[in-house]
Amino acid sequence: MQAPETVLNGKNVVVIGGTSGIGLATAIAASKLGARVWACGRSAEHMEKAREATAGKVELVQLDTHDDAAMTRLFTDIGRIDHLVSAATGGTRTLKPLIEQSEEQFQAAFGKLWGYAKVARIGAPFVAQDGTITFVSGAPARRFKPNMSALSCVGGAVENMVRCLAVELSPIRVNVVSPGIIDTALFDWMGSEKTERVSAMTQGQLVRRIGRPEEVASALVYLMLNGYATGTTVDVDGGQLLS
Ligand SMILES: NC(=O)c1ccc[n+]([C@@H]2O[C@H](COP(=O)([O-])OP(=O)(O)OC[C@H]3O[C@@H](n4cnc5c(N)ncnc54)[C@H](OP(=O)(O)O)[C@@H]3O)[C@@H](O)[C@H]2O)c1
């Protein structure tokens, strides 16, 4: 049996949205398993934090997933991609009842879907035939609560797009991981109330705590390694769907 720390030896892994949270944890996990990893994001702030966290073991690239030319340049430079992940937020998280959202607000949430579609469209020609593309949706895709309509609709669309791509891009395997409430920069806007508010949000779950980015990253790595998984959604949500 191959030593666990070498299972991704010789593999090229690209993580769009890889400079923070779930994407960063995935970049670090893949690098520890022997892959050469490129992690991308827009802001200098996230890039700097990622530089510290990865200690030179991951190549950091400043890039917006909506910038076709920049993604084409990166993928062309890399040449062959074995595993292409996007965890980029890429859109606005609008938390309001559907009928109170302006058309612009509702559409802005779909920036995430357009970003993932660009990653697939531009990236697929570079992905090895035994490689993978993996995206990140979220529990609201299949759990419906007030004010979450934008997240639910986008998450559902991401999961359906993954199934379409799995069929169209076969034998490339295409999958999606659906996280629950995970401790990342996504909740930093709560400021000093973050711990208390997140604790209240996770109270009713089967696993009564916030998830760790590393727990979601392990599912993303699993989908790179399991050669028989395609068109599937892996839930890492503390049992939120059953709560
Ligand atoms: N945390 C949760 O509880 C949770 C729950 C359900 C689903 N999710 C999903 O999980 C994914 C990862 O989120 P996270 O929680 O890890 O958030 P995060 O810590 O904020 O990380 C998001 C990453 O995406 C990058 N990014 C955002 N927009 C981008 C763009 N247009 N182009 C390139 N990179 C972009 C960010 O860097 P820059 O901002 O510097 O570009 C950052 O590296 C997201 O799709 C999110 O919707 C998260």
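Among the criteria (1) in contact with a strand residue (DSSP E or B) (Cβ under 8 Å, 6 or more places away or on another chain); (2) part of a helix (DSSP H, G or I); (3) under 17 Å from THR134 (Cβ atoms); (4) more than 10 Å from the ligand (Cβ to nearest atom), the one VAL216 does not fulfil is (4).
The rows are residues; the columns are (1) of a type in the set (D, E, K, R); (2) within 15 Å of the ligand (Cβ to nearest atom).
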residue	(1), (2)
PRO146	no, no
LEU169	no, no
GLU193	yes, no
SER199	no, yes
LEU220	no, yes
LEU223	no, yes
ASN226	no, no
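Given the condition closer than 23 Å to SER43 by Cβ, crowded, with 18+ Cβ neighbours inside 10 Å, touching a His at 6+ places or on another chain (Cβ under 8 Å) and not hydroxyl-bearing (Ser, Thr, Tyr), answer yes or no: does some residue in the range 90-98 qualify? Within the range 90-98, one or more residues are closer than 23 Å to SER43 by Cβ, crowded, with 18+ Cβ neighbours inside 10 Å, touching a His at 6+ places or on another chain (Cβ under 8 Å) and not hydroxyl-bearing (Ser, Thr, Tyr). Here LYS145 meets each of (1) touching a residue at least 60 places away in the same chain (Cβ under 8 Å); (2) part of a loop (DSSP other than H, G, I, E, B); (3) basic (Lys, Arg) with one exception, condition (1).
So for the range 108-118 (the condition being in contact (Cβ under 8 Å) with a residue 60 or more places away in the chain, open to solvent by less than 50 Å² (accessible area, probe 1.4 Å) and not acidic (Asp, Glu)), does at least one residue qualify? Checked the range 108-118: at least one residue is in contact (Cβ under 8 Å) with a residue 60 or more places away in the chain, open to solvent by less than 50 Å² (accessible area, probe 1.4 Å) and not acidic (Asp, Glu). Looking only at the range 195-206, decide whether some residue is at pLDDT below 95 and outside any helix (DSSP H, G or I). Yes: the range 195-206 contains one or more residues that are at pLDDT below 95 and outside any helix (DSSP H, G or I). One residue stands out among those in the range 1-39 that are in contact (Cβ under 8 Å) with a residue 60 or more places away in the chain, open to solvent by 40 Å² or more (accessible area, probe 1.4 Å) and out of contact with any Ser or Thr (no Cβ under 8 Å at 6 or more places or on another chain): the one that is farthest from the ligand (Cβ to nearest atom), which is VAL7. Out of ALA69, ALA150, which single residue is part of a helix (DSSP H, G or I), small (Gly, Ala, Ser) and more than 12 Å from the ligand (Cβ to nearest atom)? Exactly one of ALA69, ALA150 is part of a helix (DSSP H, G or I), small (Gly, Ala, Ser) and more than 12 Å from the ligand (Cβ to nearest atom), namely ALA69.
The values are calculated or read from the model by the stated rules, or taken from the named source; none is laboratory data. Bear in mind the structure is a predicted one, so any value in this text is a computation, not a measurement. Methodologically, a virtual Cβ is constructed for each residue, glycine included, from the backbone with ideal geometry; neighbour enumeration extends over all protein chains shown. Just so you know, the surface numbers come from the protein's heavy atoms only, side chains and all, with ligands and any DNA or RNA stripped out. Shrake-Rupley method; radii C 1.70, N 1.55, O 1.52, S 1.80 Å.
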